[in-house]
Amino acid sequence: MVDVLDYYFIMPKSTMWNLPYLFRMKPEIDVTRMAEAIDKVLSCHPVFSTRIFIDENGNFVQKYIPESYEKIEIEKLTDDEFQSKIDSLSYPFMIVNAPLHRKKIYITEKANYFFIYN
């Protein structure tokens with residue numbers, strides 16, 4: 001059986017194993033405070049600060065690196081810009097020496113969105 005890491009090298013452009021989530025928030029939500037709260041929670045969970053490396057023997061090595069956690073970005077868009085961007089939010093990961101997730105808050109005229117992809 002092929003595992004996720006093997007599959008990455010067989011099909012590096014696939015998003016088969018990825019899980020995208022898009023949450024719609026009311027426009028009155030304070031997105032700065034929401035981003036801070038989400039960052040506080042996610043930065044405490046090891047998976048959001050874990051990286052995969054290949055060692056000198058060609059083996060996958062998983063390392064927890066707390067300082068590698070990247071805070072949520074906030075981006076302002078028009079509703080039309082956001083709608084045209086939705087289909088391109090999910091794209092393949094660089095599995096080696098890179099974050100194993102993406103996250104961002106989008107602000108539009110009608111709503112705010114929290115996107116997380118792992």
Mind grabbing the accessible area of SER14 for me, 1.4 Å probe, Å², rounded to tens?
-> 30 Å²
At a 1.4 Å probe radius, which order do TYR8, TYR117, TYR91 fall into by accessible area, largest first?
-> TYR91, TYR8, TYR117
Based on the alpha-carbon gyration tensor of segment 55-94 and its eigenvalue square roots a ≥ b ≥ c, which shape applies: rounded if a/c is under 1.5, prolate if not and a/b is larger than b/c, or oblate?
-> oblate
C-alpha long axis of helix 31-42 to longest principal axis of the chain, angle in ° | 30 degrees
What residue among ILE38, ILE29, ILE52 has the largest mean-square fluctuation in a Gaussian network model of the chain, using Cα springs under 10 Å?
-> ILE29
If you take the C-alpha gyration tensor of segment 1-67, multiply each eigenvalue by 5 and take the square root, what semi-axes do you get, largest first, in whole Å?
-> 32, 18, 8
For the chain, whose charge dipole is built from +1 on Lys and Arg Cβ atoms and -1 on Asp and Glu Cβ atoms, the candidate among HIS45, ALA111, PHE82 with its Cα farthest towards the positive end is ALA111
In segment 19-82, GluC sites (Glu not before Pro) in a DSSP loop with at most 16 other beta-carbon atoms within 10 Å | GLU28, GLU56, GLU70
Across 5 Å bins beginning at 0, the whole-percent shares of Cα-Cα pair distances in the chain come to 2, 10, 18, 20, 18, 14, 10, 5, 3, 1, 0
Just the accessible area per residue of the chain, please: how many Å² with a 1.4 Å probe?
-> 68 Å²
Antiparallel DSSP beta bridges within the chain, as percent of all bridges there, nearest 5 | 75 percent
Segment 44-86, dipole about Cα centre (Lys/Arg Cβ +1, Asp/Glu Cβ -1), debye to the nearest 20 | 200 debye
Give me the distance in nm between label points sitting 7 Å out from Cα along the Cα-to-Cβ direction at SER43 and ASP80, one decimal.
-> 3.8 nm
Would you work out what percent of the accessible area of segment 4-43, with all protein chains in place, is carbon or sulfur (probe 1.4 Å)?
-> 63 percent
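The values are calculated or read from the model by the stated rules, or taken from the named source; none is laboratory data. Please read all numbers here as calculations on a predicted model, not as lab measurements. Reconstructed Cβ throughout: ideal geometry from the backbone, glycine too, with neighbour counts over all protein chains shown. Each accessible area value is taken on the protein alone, full model and side chains, heavy atoms only, with ligands, DNA and RNA left out. Shrake-Rupley method; radii C 1.70, N 1.55, O 1.52, S 1.80 Å.
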